[in-house]
Amino acid sequence: MFTIDFTSSECGLCETICNEIRKEIFCGKLEPNERLPSKRALAEHLGVSVITVQNAYSELIAEGYIYSIEKKGFFVTDLADVAVVGRSKNEIQSEIQNATTEKNARQEKKADFVADFSSNSTNPKNFPFSLWAHLMRKVLTDENLKSRILERVNVSGVWELRLAISEHLRDFRNMNVSPNKIVIVSGTESACSMIVQLLGNEKIYAVENPGYHKVAKVFSLNGANVIPIKIDEFGVNPCELEKINAKVVHVSPSHHFPTGIIMPARRRFELLSWAEKNDAYIIEDEYDSEFRLNGKPLPSLLSSNNSRVIYMNTFSKTLTPSFRISYMILPDSLVEKFNEKLGFYSCSVSAFEQFALAKFIECGFYEKHIIRMKNYYRNLRNNFISALNSSSLKDIVVIHEENSGLHFLLRLKNDSSDEKNSADSIKRIHARLLKEKINIQLLSDFFYDDENDKNFYEKNFYKDSFVLNYSGIEREKIPEIVKKMENAFADVNSESESKKKEN
């Protein structure tokens, strides 16, 4: 059975599966009339939902790459003497080759960046390789674990890791969570897929606007009706949720991405009240709660109400993004339902990695690592912001939300009331930054296209902002990075001044 690396794909889960199966067919690894894995078997193997695989198979059938035989399964079409959706085999092979070439070119281009502020990458120097290797050897030589490493893992994950997470949350976050309510998953995408399968896709799922688009895509791929809800200065407004009759909402109250908004206590209680009143659920995503750089992490929604909150967190931020281990905590009301409905699944995270991580947490290494990383990121942020404030950029930009998480906003100062010129300036600066090999995202990239949200967008500073995820930059390169940013902003400002004089 073939394996797919979703972490290296820029497409959605369904599209990635389609692309990989096409490539397997054309490179000959999947032969004509060869039987494909069943939807359920492939979904379990890849750690995705059955409906995701079903949608992929349906797309491939429509395109003519595979065909199905009732009660027998799915099979590879013999493309030797047929045209597929009006194109020859050679044409499609050429198209796939071109796509692969473009992807490789993008990867090479990415590697050439002086700074990539759009990435969640971390500096390899900060990962505890020697310690991790020691713990992996310890797991492999543990007589009590040898047989368990090779066994099928329960859908919720190995008990030792769930117990370690439970104790960590108790000591580090003052959260009393039973290991029985913890489910180990291979990333946020996997958790969101399981939540839709658990709660049902007939409900309305609300997501934050602006927000993390991948969550909405996963909900949609699982057949859910997804509606973006504009946030205000306090986060998602429960009144907006009632207007659309939402039954599930995904929020990041401790540190909203990408605006950095922290939801105040009153709005949190209003949101919890909405959930109780409307028999709804809140998905609380604390993707970087460990990196509140000033003070202790904020109390979670789950701590205030454990009957309507599904809590999610990940080790991607604290360890590395390629470390595909996350977890969710179910409310009491959903634990039994989860086991009945999804208990047939196997955990999508290998037992070996789970046991190693459990030992990493049990031995106190994880807590020490977080403290070390907080200090590292605090110094990195301070050095970067200090360099920005000491440069010519201090008169051009304003920094927002720099005290929490691993990103902040850089807002372009604009005295002009001409919105068109403002939007044009930030786009030209963005293009110029790319030429300087500075990869950066605009905050506007995280908005959903909705005419109703334009007033909100125009009344706030967000429209003239860049999102800077600084976790992967190197401290030694900060002077070079700032200099290149100065060049980009200065060139665009000079062009604007020249145009004003001409007019």
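Some points to look at:
- Within the range 169-187, the set of residues being among the hydrophobic types (A, V, I, L, M, F, W, C) and either open to solvent by 40 Å² or more (accessible area, probe 1.4 Å) or at positive phi (or both) comprises Phe172 only.
- Here Ser166 does not qualify as among the small types (Gly, Ala, Ser) and either open to solvent by 20 Å² or more (accessible area, probe 1.4 Å) or touching a residue at least 60 places away in the same chain (Cβ under 8 Å) (or both).
- Residue in the range 450-469 that is within 28 Å of Arg381 (Cα to Cα), modelled with pLDDT of 70 or more and part of a loop (DSSP other than H, G, I, E, B) present: no
- Taking (1) at pLDDT 90 or above; (2) under 22 Å from the mean Cα position of the chain (by Cα) in turn, Phe291 satisfies each apart from (1).
- Being buried (at least 19 other Cβ atoms within 10 Å of the Cβ) and modelled with pLDDT of 80 or more is a property that His407 has.
- Among the residues making up the range 348-364, a single one is surrounded by 22 or more Cβ atoms within 10 Å (Cβ to Cβ), among the hydrophobic types (A, V, I, L, M, F, W, C) and not in a helix (DSSP H, G or I): Val349.
- Inter-residue pairs, beta-carbon under 8 Å, first more than 17 Å from Phe408 (Cα to Cα) and in the range 468-480, second surrounded by fewer than 19 Cβ atoms within 10 Å (Cβ to Cβ), 6+ apart: Lys477/Val114; Pro479/Ala387; Glu480/Val114
- Close pairs (7 angstrom Cβ cut-off, 6 or more residues apart or separate chains): more than 19 Å from Phe466 (Cβ to Cβ) in the range 436-456, at pLDDT 55 or above and part of a loop (DSSP other than H, G, I, E, B) anywhere: Asp453/Phe447
- Looking only at the range 188-220, and only at residues there that are of a type in the set (Gly, Ala, Ser) and more than 15 Å from Ser252 (Cβ to Cβ), the one that is most open to solvent (accessible area, probe 1.4 Å): Ser220
- For the range 152-169, the criterion of being at pLDDT below 95 and among the hydroxyl-bearing types (Ser, Thr, Tyr) is met by no residue.
- Residues in the range 113-137 that are assigned to a helix (DSSP H, G or I) and either free of Cβ contacts under 8 Å to residues at least 12 places away in the same chain or open to solvent by less than 40 Å² (accessible area, probe 1.4 Å) (or both): Pro124, Lys125, Asn126, Phe129, Ser130, Trp132, Ala133, His134, Leu135, Arg137.
- Extreme residue, nearest to Ala41 (Cα to Cα), among residues of the range 344-394 that are of a type in the set (Phe, Trp, Tyr) and within 23 Å of the chain's Cα centre (by Cα): Tyr345
- Tally of residues being closer than 30 Å to Leu145 by Cβ and open to solvent by less than 10 Å² (accessible area, probe 1.4 Å) across the range 370-394: 2
- Looking across the range 255-288, just one residue is modelled with pLDDT of 90 or more, among the β-branched types (Val, Ile, Thr) and under 26 Å from Ser444 (Cβ atoms), and that is Ile283.
- Note on the range 138-155: residues that are assigned to a helix (DSSP H, G or I), farther than 20 Å from Val185 by Cα and not charged (D, E, K, R) amount to 5.
- Filter pass, Phe75 being open to solvent by less than 70 Å² (accessible area, probe 1.4 Å), more than 30 Å from Ile478 (Cβ to Cβ) and at pLDDT 80 or above: yes
- Criterion applied to Ser333, Ser348, Ser316 was being within 18 Å of Tyr366 (Cβ to Cβ), polar (S, T, N, Q) and in contact (Cβ under 8 Å) with a residue 12 or more places away in the chain, and the one residue passing it is Ser316.
The values are calculated or read from the model by the stated rules, or taken from the named source; none is laboratory data. Quick caveat, the model's predicted, so the values are computed rather than measured. Here the Cβ is made from the backbone with ideal geometry for all residues, glycine too, and neighbour counts use every protein chain on show. Only protein heavy atoms, including side chains, enter the accessible area calculation; ligands, DNA and RNA are left aside. Shrake-Rupley method; radii C 1.70, N 1.55, O 1.52, S 1.80 Å.
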